[in-house]
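Student: Below: one structure in structure tokens.
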Amino acid sequence: MSEEVEDCPEDETLRHPLYLAHVIAACGAKGQVKNIERGCESRDLLFRVCYEDGDTQHFKEEEVLERLDPRDMHLADLLASGTKTILASDLSILASTGMSRADVKLLCENGDTLWAHMAFLKLRCPALAEMATAVSGGPTADEPCVMKIASETSWTLKHILAYLYSEVVPFGKNTDCSISDLFNVMTSAKRLSAASEESPLRRLQVRCEKIIASRVTLASVTEVLSSALKEHCEYLQRVCYDWMIQAKPVNNSDFRGRLCRALTPFPEALAVAMAAVAGIDQMPSLAGPSPEPSRSLRSHMAILCENAISCATDEVSHGLQVDCTIEFGEGGLQLKA
């Protein structure tokens, strides 16, 4: 690197979505963005990646995006969608860097630990907040609420939390995560949002369905269809049948064999699929794509702010764990956060 560089201001570094992003080099070496610098002459941003073996390397933004670890693919979506706001960036960082001041400890069956905030969960995912409260009665000023999660893997739950905190889909159309991983996130989001059509996780569920639909190919259609039947997802069933009607892989004996094996538990669906392979539409009446709920992160943050302003002197109120009091003048307005 010939150009001299200087560190970006700390607040700018912390707010950039690619700060602390994980990358994988072409040779397979794994690293992480540890600092963001700026060219002294060009003023271009340069991302310093530190690898596990101690080596360091500078990349431009597009070069980091090309090397992103699949687990951080949602950061590319954050940049591409134009939602690189201070709010989204800050909350995305909060969800991925140890959860400062978190008061809910989630213990996954594989031993991993994830953290969250009860006040945030009560607004964004009441079902998860109720599960945590039922186990230990909720957090106190001194002790976090500890909850064992056996129904979700840590990978799935991490992506659920990432979406709740940033409202950015944690993977995109070109993500390397498997069809099975996508279904796990989709079904978990569906289960945790069952009580409300307007739940933020309902939006994640719909997005997952669309991403899975975009990945239906000759190699994946049998897996998608069998999983859609198991999870009663009519939209993805329709997508698979439509794909078969259009592709007509009737002469592909290997495909027909895979289809028969995958749909053995679903004889009626197998009959419909075999007809579709021949280009014949015998589909039952199936639902189309679900409407996508509107974004709600900003409105939920506004509620948290209102609760903080009206918070009583108790250390825990409205689900908020208070650790900071701001006074405006002697005897004036007090804000708690």
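The values are calculated or read from the model by the stated rules, or taken from the named source; none is laboratory data. Keep in mind that what you see is a predicted model, and the values were worked out from it rather than measured. Heads up, the Cβs are rebuilt from the backbone with ideal geometry, glycines too, and the neighbour counts pull from every protein chain shown. To get the accessible areas, we keep the full protein, side chains included, count just its heavy atoms, and leave off ligands, DNA and RNA. Shrake-Rupley method; radii C 1.70, N 1.55, O 1.52, S 1.80 Å.
Student: Considering only the other residues whose Cβ falls under 11 Å of the Cβ of E4, what net charge follows from Lys and Arg at +1 and Asp and Glu at -1?
Tutor: Numbers: positive: R38; negative: E3, E6, E37, E41.
Counting the neighbours of E4, the net charge comes to -3.
Student: Could you order the peptides 279-292, 107-120 from most to least packed, using the average number of other C-beta atoms within 10 Å per residue? Don't skip to the answer; put the middle values down first.
Tutor: Numbers: 279-292: 12.3, 107-120: 17.4.
The peptides rank, most packed first, as 107-120, 279-292.
Student: I've got another one for you. T222: net charge of surrounding residues, Cβ under 14 Å, Lys/Arg +1, Asp/Glu -1, itself excluded?
Tutor: On the way: positive: R215, K230, R256, R258, R261; negative: E223, D254.
Once all neighbours under 14 Å are counted, the net charge is +3.
Student: Return the carbon/sulfur percentage of the accessible area of segment 168-265, one whole number, probe 1.4 Å, all protein chains in place.
Tutor: Using a 1.4 Å probe with all protein chains present, segment 168-265 comes out at 46 percent carbon and sulfur.
Student: Mind running the shape call on segment 19-80? Use the C-alpha gyration tensor, a ≥ b ≥ c as the square roots of the eigenvalues: rounded below 1.5 for a/c, prolate if a/b tops b/c, oblate otherwise. List each step's numbers first, then the result.
Tutor: Working: a/c = 2.05, a/b = 1.17, b/c = 1.76.
Oblate is the answer for segment 19-80, as a/c is 1.5 or above yet b/c matches or exceeds a/b.
Student: OK, next. Let me check I've understood the local charge: for S42, count other residues with C-beta under 14 angstrom from its C-beta, Lys and Arg +1, Asp and Glu -1. What total comes out?
Tutor: Values: positive: R38, R43, K60; negative: E3, E4, E6, E37, E41, D44, E61.
Net of charged neighbours comes to -4.
Student: Please sort 251-257, 220-226, 30-36 by packing, taking for each peptide the average over its residues of neighbouring beta carbons within 10 angstrom, highest first. Walk me through the intermediate numbers first.
Tutor: Details: 251-257: 12.3, 220-226: 21.7, 30-36: 18.0.
With the highest mean Cβ count within 10 Å placed first, the list reads 220-226, 30-36, 251-257.
Student: Which order do the peptides 242-248, 182-188 take when ranked by the mean count of other beta-carbon atoms within 10 Å per residue, highest first?
Tutor: Working: 242-248: 17.0, 182-188: 22.7.
Per-residue Cβ counts within 10 Å, averaged per peptide and sorted highest first, yield 182-188, 242-248.
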